[in-house]
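> Please read through the structure below; I'll follow up with questions.
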Protein chains: 2
Amino acid sequence: MTKKNQEGITAKKNENFSEWFTQIIQKCELADLRYNVKGFLVFQPWSVLAMEKMYKHFEEVLQKKSHKPYWFPTVIPKSNLQKEASHIKGFTPEVFWVTHGGTKKLEEPLALRPTSETAFYQMFNLWIRSYKDLPFKTYQRAQVFRHETKATRPFLRSREFHWIETHCAHATKEDAMKQVQEDMQTTEEVLHDIFGLPFMFFERPSWDKFAGAHRTFASDVLNPDGKVIQQPSTHIISPSFSKAFNITYKDKNQEEKPCYTTCYGPSISRIFASIIITHGDDKGLKFPWEIAPLQVIIIPIDKKVNKKAETLKKEIEKSYSVEIDYSDKRPGEKFNYWEMKGVPIRIDLGLKDLEKKQITIFRRDLNKKIVIPEKDILKTIEKISKEFTKNLIKEADKIFKGKIKDAKNINEVKKIIKDGAIARCNFCSVEKNGEKCAEEIIKEISAEVRGTRLDENQKPSGKCVICGKKAKEIVYVARSY
Amino acid sequence: MTKKNQEGITAKKNENFSEWFTQIIQKCELADLRYNVKGFLVFQPWSVLAMEKMYKHFEEVLQKKSHKPYWFPTVIPKSNLQKEASHIKGFTPEVFWVTHGGTKKLEEPLALRPTSETAFYQMFNLWIRSYKDLPFKTYQRAQVFRHETKATRPFLRSREFHWIETHCAHATKEDAMKQVQEDMQTTEEVLHDIFGLPFMFFERPSWDKFAGAHRTFASDVLNPDGKVIQQPSTHIISPSFSKAFNITYKDKNQEEKPCYTTCYGPSISRIFASIIITHGDDKGLKFPWEIAPLQVIIIPIDKKVNKKAETLKKEIEKSYSVEIDYSDKRPGEKFNYWEMKGVPIRIDLGLKDLEKKQITIFRRDLNKKIVIPEKDILKTIEKISKEFTKNLIKEADKIFKGKIKDAKNINEVKKIIKDGAIARCNFCSVEKNGEKCAEEIIKEISAEVRGTRLDENQKPSGKCVICGKKAKEIVYVARSY
């Protein structure tokens, strides 16, 4: 631990979000930005331990839903990428190219995968034969590489990031749409219920689709600065794509039919950013229970309690991760340090408490100290473990819900956006002919039409807030990263 | 499941090892070799599930020994690689180079990491300040890339492989040597005790060190064809290497001292190959209990037992991974299929058994059927789970021990090697001046001096089997991949 970490977070999250985020990354030792390749960073133990748990939760849910794990090569031949026109067009400016092996030029340049449709699809072509093979549901845990032209930002937009990509093939368009629904449900189960992140799923306007997608659905999480961050997206891939790779199956009548493909891409390192941002406060990190790199920290306030600390540790570590802080810092410094690091439960072990056969516990969910009988320690930790993430969710949901506001005209949209919220309004169209109005919003308010909701109950009953034509859609407008 | 898999393994492991290995990979669906980049392969679910468990076991042991996890960038700038002369010399012919981002040439070529000393060391330079920071013990789970000039072979030698690399910095040479001992112990705990692999650790001769190492220690596992496969190696890195990156610390007297660095590199995909090879038999795979992709398979022999199968599954899945095979194959086909796939326990659920309130279990460790009272099912699975890997280890250890034989002269070495074993013999020197004799062995017998053992009890008391000079060492000679 160096000096700078002992200092604690000095920026306020709601006043200077950007500086707060920078300090969190540096002082909590989540990532080191001094690696000497632009846009690449070194993830440090405190974030890696959490992100490994995030992978575990995601993979468990995917496997339960019959996705099978694969490890594909990191490199994809140029000719694969070129097979589908809109895909290569979308990704060309962003591809890192491997051109040499040793001192020799390769016969064909290899892309560091920016996404892996063109790797999976050539194998789907070999693997899928019959309707009995469908749905064919895969996933891989992998890094992807994008030579971003936009400014990079640690965890949020890096040139290498850690994600999961699922790729599926289906017999019908309807099955593909069912997969999209399942992916949205998976996002709810993992992002919301385990990681505590509120979000909204939108169908993106036609001009904002994934390169190669027929339809794109993406989740947006809200930042305290009022900007949204795109989190997992799921796509119905355009039929021309599976046609380019000749992914077909024989139906029950032995007739050759084209497959409909879908993909889903939760970025673990990016979701980690949203977790930091959503739950963190002016003291530092707050980890949801299930992904905390460390769940319990014991601070012996007096050397005489060290033996007791060890006994406690042995008891607790049967069920939870736990450590003792024996460093030579003062107790107050230790308290601040572990609050900053976001450890859910801190046990302050003092001599006086022990004499009274009681223990003081600090809960990071409520930022509250409680004193309990010594014998209740395990019971209490178990109780807190069950409440912890729920408390984080409750808090986050409350803030999120208050940030979605209806706007009747462009001035109201403007005001809502300026106040750091998301505007819901009437809009002419999310097809090609609506793009002009969307561009107007970008120009006027630096905000974007994020899309429509599949579960929107209301029908639009007025005019587009921009052009005044009859509104066909209710859309959501927000600033984004 | 395609036709080819229903056929079963037709090659005999001890008669035609190479064909047996090829069939295992294809028919058990471990990897698909048809990906269109030479030397790269697609790992399929059956191997990925096992290898993920292998990662888990390795990482648990490393973390218990205070190694902290990192995720470093996949790319390393050329200038980093060039900082240490012998390192770049050793790896230059094998590096894949990224030269372009989008359509633009990068300012500096980036290597796909062939190994990550030159990435970690530049950060060690920033992170390590004081003797209090030492030992500094890290690891990462990652893929590495080597443009192999030798022929590639699935799992054993690919151009991209999945491994763990640990990198550590120490205050003294003695601490570095202690780390090497710990790494060898880790290999024993994981490779032998969990994966069931017998091996020997050698200090490699000076001419066979890792590029940049002062001393190299590596484990060798024996194949049934008599060739050894190098498995995890651990290295004391040459002082010039840490000097090139200026990795120093201040000792208790505030004096600046150089760090001694070590690294350890278990390749998960390569170790997986040794697991297949060591435990597999003419029927197919045999997975050690802890890494089996599936631990229990239930075969309902009659539709009338389906409900019972579901009840059993629900009971068993509380503690173990279990599936029911409802496919439309005949029971006999199913039996063969799951034996080939190496599932430890198969439950054959028949109507007659159920009437007698008994269950038939097939154990893949002993290739034996047992009949047990229905009520004992969980107790029996638990018992088998504890014996399973032990039985595999016993069998493997027995074979391994019989394969190490003493040779008094070159003819005996030749005979031992020809018989598919490892020869132990007197040798002049493992320093530079012994290399000529080692080359003679390569030329004469196509075998290699694998090195000396740290725990060798005997002193050499004769002459080098090649040059006849006084022997300074007892070495082991074997053919290798």
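Values in this text are rule-based calculations from the coordinates and carry no lab data. The shown structure was predicted, so the numbers you read here are calculated from the model rather than taken from an experiment. Here the Cβ is made from the backbone with ideal geometry for all residues, glycine too, and neighbour counts use every protein chain on show.
> What are the trypsin sites (Lys or Arg not before Pro) within the range B:47-117 that DSSP puts in a loop, where the Cβ has at most 12 other Cβ atoms within 10 Å?
Answer by residue number: there is no such site.
> Could you calculate the FRET efficiency of A:Lys352 with B:Lys132 from 1/(1 + (r/R0)^6), where r is the beta carbon distance between them and R0 is 35 Å, rounded to 0.05?
0.70
> Once amide H atoms are placed 1.01 Å from N in the peptide plane, what residues at a sequence separation of 5 or more from A:Gly451, or on another chain, have their amide H within under 5 Å of its amide H?
A:Tyr476
> Now for a separate question. For the pair A:Lys436 and B:Lys418, how long in nm is the line joining their label points, each one 7 Å along Cα→Cβ?
8.9
> Which of the lysines could a cross-linker bridge to A:Lys443, judged by Cα under 16 Å and excluding same-chain residues fewer than eight apart?
Straight-distance partners of A:Lys443: A:Lys414, A:Lys415, A:Lys418.
> Put a point 7 Å out from Cα along the line to Cβ at B:Lys150; what are the distances to that point in the other copies, in nm, shortest first?
Here B:Lys150 shows inter-copy label distances of 4.6 nm.
> Separate question: Out of the GluC sites (Glu not before Pro) in the range A:424-474, which ones are loop residues according to DSSP with at most 15 other C-beta atoms within 10 Å?
Counting only loop positions with at most 15 other Cβ atoms within 10 Å, the GluC sites (Glu not before Pro) in the range A:424-474 are A:Glu431, A:Glu456.
> Residues of the range B:209-223 with backbone nitrogen within less than 12 Å of a virtual label 7 Å along the Cα-to-Cβ line of B:Tyr481, please, listed as ranges.
B:221-223
> Under the Karplus relation 6.51 cos²θ - 1.76 cosθ + 1.60, θ = phi - 60°, what is the ordered set of whole-Hz ³J(HN,Hα) values for the range B:137-142, x standing for Gly and Pro?
Along the range B:137-142, the couplings run 10, 10, 7, 9, 8, 7 Hz.
> Report, by chain and number, residues whose modeled amide H sits under 5 Å from the one on A:Ser238, excluding near sequence neighbours (fewer than 5 apart, same chain).
Here A:Ala213, A:His214 satisfy the definition.
> Select from the range B:294-392 those chymotrypsin sites (Phe, Trp or Tyr not before Pro) which occupy a DSSP coil region and have at most 16 other Cβ atoms within 10 Å, ordered by residue number.
When the chymotrypsin sites (Phe, Trp or Tyr not before Pro) of the range B:294-392 are filtered for loop state and at most 16 Cβ neighbours within 10 Å, B:Tyr326 remain.
> Here's a follow-up. For the range A:404-480, compute Rg over Rh where Rg is the Cα radius of gyration and Rh is the Kirkwood radius from the inverse mean 1/r over Cα pairs.
My calculation of the ratio gives 0.92.
> Follow-up question, since we're still on this one. What are the lysines whose alpha-carbon lies under 19 Å from the alpha-carbon of A:Lys89, with same-chain residues fewer than 8 places away excluded?
Excluding near neighbours in sequence, the set is A:Lys78, A:Lys150, A:Lys209, A:Lys243, A:Lys432, B:Lys104, B:Lys105.
> Let me ask you something else. Between B:Asp455 and B:Gln181, what is the label-to-label distance in nm when each label sits 7 Å out along the Cα-to-Cβ direction?
About 1.2 nm, to one decimal.
> Right, another one. Report the relative contact order of chain A, percent, no decimals, based on alpha-carbon pairs under 8 angstrom and at least 6 residues apart.
It rounds to 14 percent for chain A.
> Let me ask something additional. Over the residues of the protein assembly as shown, compute the C-alpha Rg and express it relative to 2.2 N^0.38 Å.
1.01
> What's the FRET efficiency of A:Thr103 with B:Lys398 using the Cβ-Cβ distance as r and R₀ = 45 Å, to the nearest 0.05?
The pair A:Thr103/B:Lys398 has a calculated efficiency of 0.40.
> 7 Å along Cα→Cβ for the label point: how many nanometres lie between B:Glu444 and each equivalent label in the other copies, listed shortest first?
The projected label point of B:Glu444 is separated from its counterparts by 9.1 nm.
> For label points placed 7 Å from Cα toward Cβ, what is the shortest-first list of nm distances from B:Lys307 to its copies?
6.1
> How big is the charge dipole of chain A about its Cα centre, in debye rounded to the nearest 20, if each Lys and Arg gets +1 on its Cβ and each Asp and Glu gets -1 on its Cβ?
Roughly 500 debye, rounded to the nearest 20.
> Going through the DSSP H helices of chain A, which span 20 Å or more along their own axis at the Cα atoms while scoring at least -0.5 as a mean Kyte-Doolittle hydropathy?
Helices meeting the span and hydropathy rule in chain A are A:45-64, A:377-401.
> Let me ask you something else. Show me the three semi-axes of the equivalent ellipsoid for the range A:268-344, from the C-alpha gyration tensor (sqrt of 5 times each eigenvalue), largest first, rounded to whole Å.
26, 16, 7
> For chain B, what does the convex hull of the Cα positions come to per residue, in cubic angstrom?
With only Cα atoms used, chain B gives 174 Å³ per residue.
> Would you please give the FRET efficiency between B:Glu189 and A:Thr22, computed as 1/(1 + (r/R0)^6) with r the Cβ-Cβ distance and R0 = 41 Å, to the nearest 0.05?
Between B:Glu189 and A:Thr22 the formula returns 0.50.
> How far is the Cα center of the range B:89-149 from the Cα center of the range B:359-425, in Å?
Here the answer is 40 Å between Cα centres.
> Assign unit charges at the C-beta atoms only (+1 for Lys and Arg, -1 for Asp and Glu), then state the dipole size of the range B:374-481 relative to its Cα centre in Debye, rounded to the nearest 20.
Charge dipole of the range B:374-481: 300 debye, to the nearest 20.
> Also, quick follow-up: Select from A:Gly434, A:Ile194, A:Trp163 the residue farthest towards the positive end of the dipole of the protein assembly as shown; place +1 on Cβ of Lys and Arg, -1 on Cβ of Asp and Glu, and compute about the Cα centre.
Result: A:Ile194, furthest along the dipole toward the positive end.
> Taking the Cα centroid of the range B:175-202 and of the range A:239-296, what is the distance between the two, rounded to the nearest whole Å?
37
> For B:Gly342, list long-range residues whose amide hydrogen, built 1.01 Å from N in the peptide plane, is under 5 Å from its own amide hydrogen.
Under 5 Å from the amide H of B:Gly342 lie the amide H atoms of B:Leu285, each far enough along the sequence or on another chain.
> A further question follows. Mind giving me the nanometre distance, one decimal, between the label points for B:Asp282 and B:Arg153, set 7 Å out from Cα along Cα→Cβ?
In this crude label model, B:Asp282 to B:Arg153 measures out at 2.2 nm.
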